[in-house]
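The values are calculated or read from the model by the stated rules, or taken from the named source; none is laboratory data. Since we're looking at a predicted model, the values are computed, not measured. As a convention, Cβ positions derive from the backbone with ideal geometry for all residues, glycine included, and neighbour counts pool all protein chains shown.
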Amino acid sequence: MIKAKGYAAKSETSPLEPFAFERRMPGSQDVQIEILYCGICHSDLHMARNEWQVTVYPVVPGHEIVGKVVKVGDQVKKFKEGDIVAVGCLVDSCRHCHGCQDGLEQYCETGFTLTYNSPEKETGGMTYGGYSDSIVVSQDFVLKVPGSLDIKAVAPLLCAGITTYSPLRHWKVKKGDKVGVVGLGGLGHMAVKIAHALGATVTMITTSPDKEKDARRLGASDVLISTNKDMMDKFANHFDLIINTIPRTHDINPYLELLKRDATMVIVGAVEMLQSGLDTRQLIFKRKSVAGSVIGGIRETQEMLDFCAEHNVLPDVEMIPIQKINEAYERMLKNDVKYRFVIDMASLK
Ligand code: NAP
Ligand code: ZN
Ligand code: ZN
């Protein structure tokens, strides 16, 4: 086994703290990676605090991983020692179901293996994520980082990037479409950048008036303050697509009013029951849809990385040492992220 160091939460009420554990030795199909950077997703916080009631402790979060290959198994053809690579939210899936055969591992019908907090097939233990110094992953779930991208900023593409790229592509956003993005955090800022790069006219829909200037710099042409009813009324029946990244339960009905006839709101943020209830009159009388979407498959994640390299789309990151992880979580809860924290793993040494 390989000795690894990381940060783990040991219960839903304890802060993350240093944690020593072991990784499996790389098998013939595996890539061993020295982790250089790892982004902090709001899902990490949900998971560390057991907000989805599925966490097994200790949990080492982190699924926006960028690192350097240090060893490869004898069957590995795609990667070699020294390559800069990335790992996102998935490290395995059944590989046989319709989802997997279509390259949509995120919709694996028998269940995928998440980068952390999933049973690991090879060892029978739980997977541990990227808040650590190393990881061992099957080559089929490792991504190539295009050489032109600044690797310090790449990590958030692996979750925030693909989670917003995938629905923007699935709903075929094109030049001139009116796209609304709800919530200017990690996911939201990537949604703005990617939709803008696809040629859409983007409106940032936010609860934070002080983020207006940034939203425009990121690519939004308009900024809509969601707590301002007059402004919301002005944007009624306006959008072709809305990407909703709000991280918890909320009343979606005021946002549904913003959709045009036949348009769709894609929920990617709130992975839970919406307590408000759904006003179906919104759907029935304007043929609107509410949909959901989860991350993206491996093929699409590589496509997204290449797209970002081609269009020079990179996250805005605030680099932190791992010792500041608990502080970063508190700031995330205050909507104070500009716009993704990334852990510099050199701080773990
Ligand atoms: P984040 O960085 O904390 O950003 C969330 C933003 O939502 C905040 O900055 C804030 O933006 C807005 N917001 C927060 N609370 C709100 C409320 N009560 N009402 C209205 N707006 C609110 O979070 P993130 O990392 O982008 O993640 C967002 C959510 O997506 C999390 O729940 C995460 O678990 C989920 N997620 C889902 C997937 C998937 O595959 N579907 C993948 C990754 C993450 P403003 O200040 O602009 O209002
Ligand atoms: Zn994530
Ligand atoms: Zn499958």
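The set of residues in region 148-160 that are hydrophobic (A, V, I, L, M, F, W, C) and outside any helix (DSSP H, G or I) comprises Leu149, Cys159. Checked against the criterion of being modelled with pLDDT of 95 or more, β-branched (Val, Ile, Thr), under 20 Å from Met332 (Cβ atoms) and within 16 Å of ligand 1 (Cβ to nearest atom), region 103-118 contains one or more residues that satisfy it. Kindly check whether there is at least one residue in region 313-333 that is aromatic (Phe, Trp, Tyr) and in contact (Cβ under 8 Å) with a residue 24 or more places away in the chain. Within region 313-333, one or more residues are aromatic (Phe, Trp, Tyr) and in contact (Cβ under 8 Å) with a residue 24 or more places away in the chain. Residue count for region 252-310 satisfying the condition of being of a type in the set (Lys, Arg), in a helix (DSSP H, G or I) and touching a residue at least 12 places away in the same chain (Cβ under 8 Å): 1.
Sort out which residues of region 80-98 are within 16 Å of ligand 2 (Cβ to nearest atom) and surrounded by fewer than 19 Cβ atoms within 10 Å (Cβ to Cβ), and write them in order of number. Those that are within 16 Å of ligand 2 (Cβ to nearest atom) and surrounded by fewer than 19 Cβ atoms within 10 Å (Cβ to Cβ): none in region 80-98.
Within region 224-247, at least one residue is within 15 Å of ligand 1 (Cβ to nearest atom), within 24 Å of the chain's Cα centre (by Cα), among the hydroxyl-bearing types (Ser, Thr, Tyr) and modelled with pLDDT of 95 or more.
Conditions (1) in a loop (DSSP other than H, G, I, E, B); (2) more than 21 Å from the chain's Cα centre (by Cα); (3) away from ligand 2 (no atom under 15 Å from the Cβ); (4) not basic (Lys, Arg), marked per residue:
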| position | (1), (2), (3), (4) |
| --- | --- |
| Val69 | no, yes, yes, yes |
| Asp74 | yes, yes, yes, yes |
| Gly103 | yes, no, yes, yes |
| Pro146 | yes, no, yes, yes |
